[in-house]
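The values are calculated or read from the model by the stated rules, or taken from the named source; none is laboratory data. Being a predicted model, the structure only gives us computed values, none of them experimental. For neighbour counting, all protein chains shown are included, and Cβ atoms are generated from backbone atoms with ideal geometry for every residue, glycine included. Please note that ligands, DNA and RNA were not included when accessible areas were found on the heavy atoms of the full protein model with its side chains. Shrake-Rupley method; radii C 1.70, N 1.55, O 1.52, S 1.80 Å.
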Amino acid sequence: MKNKWIVVMCMLALLGFSFYLVSKTKDADRTVVEADVVEVEMPKLPEQLFEFNQSNLPEECALDDAMFCAVETAVKCTINPTLEFCSQADLPKFLFMQDPGLDRPTEMSYKIIDKKSLNNDTTEIYTESNCNGNWFGLCQGTIIYVMAQKPENVWYVKDIYAIE
C-alpha cells in the first residue's frame with residue numbers, strides 16, 4: 001500500500017511539473033512574439049500636385065524615384081507621344097496611338113494617393129487625375145499605373161487602368 005502512495009505522489013508531482021512547464025512555455029512564446037514584431041515603415045508618398053501641358057513637358061522628372069518617374073513619363077507621353085524620350089520609354093502601346101478621334105488631352109494633372117505592392121511582382125500606383133480630354137477614360141478620376149521591373153531593376157509602366 002505504501003508503494004501505491006509513492007507512485008500516486010510521484011504522478012501528481014510529475015503532473016504538476018508538466019502544468020508548470022506548459023504555462024512557462026506559453027509566457028516565453030508571448031515574449032518572443034512581442035519582441036519579434038517589427039514595424040514596417042511605409043515609404044512616404046509625394047504630396048504635391050503634378051501639372052503638365054503641351055508646352056510644359058520637360059524630359060527630366062520632378063522626383064528622384066524611378067517608379068514615380070515612370071508614371072510621370074507615361075503622363076507626359078499621353079499628352080505628346082512624339083517626344084524623343086517617349087520613343088525610348090517602355091510604355092503600353094496604346095499610348096502611341098494616333099487618331100484624330102482619340103481626344104488626347106493637352107493638359108493633365110495628377111496627385112499620387114496610394115502605392116500597393118502585389119504578389120505577382122508588380123506595384124500599383126494610384127493617382128487622382130484631371131485632364132482636358134477623354135483619352136479612353138484614363139486621365140480623369142482614379143487612375144492606376146501597374147508597375148513592373150525589368151531584370152536590370154528598371155521600373156516601367158506595364159498597364160494603366162481607371163476605377164470609378
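Computed from the mean reciprocal separation of all distinct C-alpha pairs, what Kirkwood hydrodynamic radius does the chain have, in Å? Each step should come with its number before you reach the end.
Numbers: mean 1/r = 0.0506 Å⁻¹.
About 19.7 Å, per the Kirkwood formula over Cα pairs.
Pop the C-beta distance of GLN48 and MET97 into the FRET formula with R0 = 41 Å and round what comes out to the nearest 0.05. Could the numbers behind the result be given before it?
Working: r = 30 Å, r/R0 = 0.72.
That pair, GLN48 with MET97, gives E of 0.90.
Please compute the contact order of the chain in relative form: average sequence separation of alpha-carbon pairs under 8 Å and at least six residues apart, divided by the residue count, as a percent. Intermediate values should be presented prior to the final figure.
Numbers: 222 pairs, mean separation 29.3, N = 164.
The normalised contact order for the chain reaches 18 percent.
Using the 4.7 Å Cβ rule, please list in number order the cysteines from the chain without any candidate partner.
So, CYS10.
At 1.4 Å probe size, with every protein chain present, just tell me what the per residue accessible area of the chain comes to in Å².
With the other protein chains kept in place, the chain gives 68 Å² per residue.
With θ taken as phi - 60° and the coefficients 6.51, -1.76 and 1.60, list the Karplus ³J(HN,Hα) couplings across the stretch 131-136 in order, rounded to whole Hz; mark glycine and proline as x.
8, 9, x, 9, 6, 6
Just from its helices, what would the mean residue ellipticity at 222 nm be for the chain, if runs of 4 or more DSSP H residues each count -39500 (n - 2.57) and the sum is divided by every residue, rounded to the nearest 500 deg cm²/dmol?
-11000 deg cm²/dmol
Out of the DSSP beta bridges found with both residues in the chain, what percent are antiparallel (nearest 5)? Intermediate results must be reported in sequence, preceding the final value.
Numbers: 29 of 29 bridges.
Looking only at bridges with both residues in the chain, the antiparallel portion is about 100 percent.
Using a 1.4 Å probe on the protein heavy atoms only, what accessible surface does ASP159 show? Give it in Å² to the nearest 10.
Accessible surface of ASP159 is approximately 70 Å².
Using a cut-off of under 14 Å, list every residue of the stretch 63-88 whose amide N is near the label point 7 Å from the Cα of ASP159 along the Cα-to-beta-carbon line.
none
On the protein heavy atoms, probe 1.4 angstrom, tell me the percent of accessible surface of the chain carried by carbon and sulfur.
Values: 6160 of 11170 Å².
The nonpolar share, carbon plus sulfur, comes to 55 percent.
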